[in-house]
Amino acid sequence: MPAELPATAPASATLTEIERVLTRVAYLIGRSRRHERLMAVAGLKLDRAAVAILRHIAESEPIRPGVLAVRLSVEASHVTRQLRQLERGGYVVRIADPDDRRAQRVRITDAGLAAVDRIREVGRRGLEVALADWSDEDLRQLAALFHRLVDDFDAHAEDRLDPSPAA
């Protein structure tokens, strides 16, 4: 049952509630059991990290593994391991970097795009069930607010988390 804050709640209480709800959403989305069901319905055998990397590659131009690691805020060795798994499965291929012949980029294959499409479709159906009682306007508003939230998070990803004023 969602907690309703009074319209006059101070900003700090509202931000605390937003942080609490975002933590719960991240937990619900990231649960192992949910991922296993998603993979079973999609007919895939990928772990959560591989899915995150595959989805990111699907939404970008061919990308260097090091750049991918920075964008995902993970160690390069982690990305390298996942890319090997994705390459073995035929989901991605390495190609020469046109800007540096010594470097490589990773590009998604048709099989990788098909896998991402299946993952998105299964996820969309899950959202459809969960949000069946929401109006079209509420869904549009939620999508717009999520886009704004992600854009603001991205814009401030490297900002200090220490709220104390700089000396």
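Laid out as a table, the results:
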read-out	value
Subset of region 66-123 [under 17 Å from L38 (Cβ atoms) and among the acidic types (D, E)]	D117, E121
Y27 vs. criteria at negative phi, among the aromatic types (F, W, Y) and open to solvent by less than 70 Å² (accessible area, probe 1.4 Å)	no
A167 vs. criteria surrounded by 10 or more Cβ atoms within 10 Å (Cβ to Cβ) and modelled with pLDDT under 95	no
Region 110-134, residues that are assigned to a loop (DSSP other than H, G, I, E, B) and either touching a Gly at 6+ places or on another chain (Cβ under 6 Å) or open to solvent by less than 50 Å² (accessible area, probe 1.4 Å) (or both)	L131
Residue within region 72-87 that is touching a Ser or Thr at 6+ places or on another chain (Cβ under 7 Å) and hydroxyl-bearing (S, T, Y) present	no
Selected residue (criterion: most open to solvent (accessible area, probe 1.4 Å)) from residues of region 37-69 that are under 13 Å from I119 (Cβ atoms) and charged (D, E, K, R)	K45
Inter-residue pairs, beta-carbon under 7 Å, first farther than 26 Å from S73 by Cα and in region 138-155, second of a type outside the set (K, R) and not in a helix (DSSP H, G or I), 6+ apart	L139/L131
Residue identified as exposed (fewer than 10 other Cβ atoms within 10 Å of the Cβ) and not small (G, A, S) among R101, R107	R101
Candidate set: region 1-24, residues that are surrounded by fewer than 10 Cβ atoms within 10 Å (Cβ to Cβ) and small (G, A, S); chosen: the one modelled with the highest pLDDT	S12
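The values are calculated or read from the model by the stated rules, or taken from the named source; none is laboratory data. Because the structure is a prediction, the values reported are computed rather than measured. Neighbour counts are summed over all protein chains in view; Cβ atoms, including those assigned to glycine, are modelled from backbone coordinates with ideal geometry. Areas reflect the complete protein model, heavy atoms only, side chains present, ligands, DNA and RNA absent. Shrake-Rupley method; radii C 1.70, N 1.55, O 1.52, S 1.80 Å.
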